[in-house]
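The values are calculated or read from the model by the stated rules, or taken from the named source; none is laboratory data. Here the structure is a predicted model, which means the values were calculated and not measured. For neighbour counting, all protein chains shown are included, and Cβ atoms are generated from backbone atoms with ideal geometry for every residue, glycine included.
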Amino acid sequence: MPIVIHRMLRYLKSSDAELLPTGRFDIASAPRRAGALSHQEFHRLSMDMFAAMRVFVRVVERRSLSAAARDLGMGQPAVSERITRLEAHLGQRLLHRNTRSIVPTDIGATFYERSRKALDAAAYAESVGDTDAPSLRGTLRVAAPHGLGEMVLPPILMRFRKKHPHLNIDLFLNDRIADPVTEGADLSVRLGDAPAGGCVSERIGLVQRMLVASPEYLTTCRTLETPNDLKAHPFLRVAGIFNDNVLPLQRRDDMIRVAINTTWTVSNWRPLHSLLLAGAGIGVLQMPSCAEALAAGHLKRVLPDYDVPGFNLRLLYARSEKVPDKTRHLASFLREELGIFRQADPQSASSTSLNENF
């Protein structure tokens, strides 16, 4: 391991000498002085810098000291202090801080890229230390939307971890479509269009959506025979969807847009599901969130001759010369496990797989 760290430190120094001036740990001169250091001294020096690099990388990826602190199991003051000491050691400002986010300076971006590669290389080297041990180790951070993340992914990730028991999984849920690097994810499962940025986006299927209501509501409500009748009914939606109070509906090859009357807006699918079951009105749910209630008769499709366009299902991961093994293995596993969404996708036969990125 000391040889690996020695090479990593030399790599960080490689082309921009001013990036790593001599400081308290004297990292820049470590390759030249390695022979003069005891094993314990060199190990401590190397581990101090690697710990600082890990903190810095997480802060850049999360764009937040508090979020990075939560991820690392540290207090925010400790993270802030580590970044301050790192900047003092390097003699460079690495981060622009404001009240809304944290972004790297030009030198900080360079240091981030080199630190990310160094940490990945060190983790890869460590993983082959024991030839009898499973190849996948460490923590795999997976981002997903609430519906899929609560109803579909947990059993899939349990099966994946059973195959790789030395791997820890950090699953965090939100409905944003963001670059996985920005939110600190190794792999993101997302619905909708690909985000702007440099990440790789692989479309693997389609998640269907259903216009539904409870049988009790449908037996007591006003006439509901055509799409234009919807505007006379209370409509429930998740915030950020159908914001313009217009619902797209498709019948065979014809797409129409009809007005809706939003009376409830909720933060995610669970309260929407509960309100629809209680007869509060009409709404749209993703198929994984309503399949059980439809099968049991607790919800019924509204205007069944019309479909609400589904969401593209995507895997997002950071663009890299070598995708980490843990990310590559999980992406391959998810392609197989989420095959049901590929079968439901009319474009699946012509969709493009990005397996060659691996």
## Note on the structure
Selection from segment 168-183 of residues in a loop (DSSP other than H, G, I, E, B) and in contact with a strand residue (DSSP E or B) (Cβ under 6 Å, 6 or more places away or on another chain) yields Ile177, Pro180, Glu183
### Message
Against the condition farther than 23 Å from Arg314 by Cα and at pLDDT below 85, how does Ala122 come out, does it pass?
### Response
yes
#### Entry: Selection from segment 151-171 of residues that are touching a residue at least 24 places away in the same chain (Cβ under 8 Å) and closer than 26 Å to Leu72 by Cβ
Leu153, Phe160, His164, Pro165, His166, Leu167, Asn168, Ile169, Asp170, Leu171
### Task
Only residues that are without any contact (Cβ under 8 Å) to a residue 40 or more places away in the chain and assigned to a helix (DSSP H, G or I): list them for segment 230-264, please.
Lys231, Ala232
### Residue ID - nearest to Arg190 (Cα to Cα), chosen from residues in segment 125-177 that are at pLDDT 90 or above and basic (Lys, Arg)
Arg141
### Query
Does Arg85 qualify as being without any contact (Cβ under 8 Å) to a residue 24 or more places away in the chain and of a type outside the set (A, V, I, L, M, F, W, C)?
no
### Filter result for Val284 (touching a Phe, Trp or Tyr at 6+ places or on another chain (Cβ under 9 Å), buried (at least 18 other Cβ atoms within 10 Å of the Cβ) and part of a loop (DSSP other than H, G, I, E, B))
no
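Confirm whether Pro271 is without any contact (Cβ under 8 Å) to a residue 40 or more places away in the chain, closer than 19 Å to Val258 by Cβ and not in a strand (DSSP E or B).
Taking the combined requirement at face value, the residue does not satisfy it.
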### Task
Please find, within segment 287-305, the residue that is nearest to the chain's Cα centre (by Cα) out of those that are surrounded by 20 or more Cβ atoms within 10 Å (Cβ to Cβ) and not aliphatic (A, V, I, L, M).
Ser289
### Task
Return a yes/no flag: does segment 246-269 have any residue that is surrounded by fewer than 16 Cβ atoms within 10 Å (Cβ to Cβ), closer than 28 Å to Pro155 by Cα, within 33 Å of the chain's Cα centre (by Cα) and at pLDDT below 95.
yes
### Message
What's the total number of residues in segment 184-224 that are over 27 Å from the mean Cα position of the chain (by Cα), in a loop (DSSP other than H, G, I, E, B) and not polar (S, T, N, Q)?
### Response
3
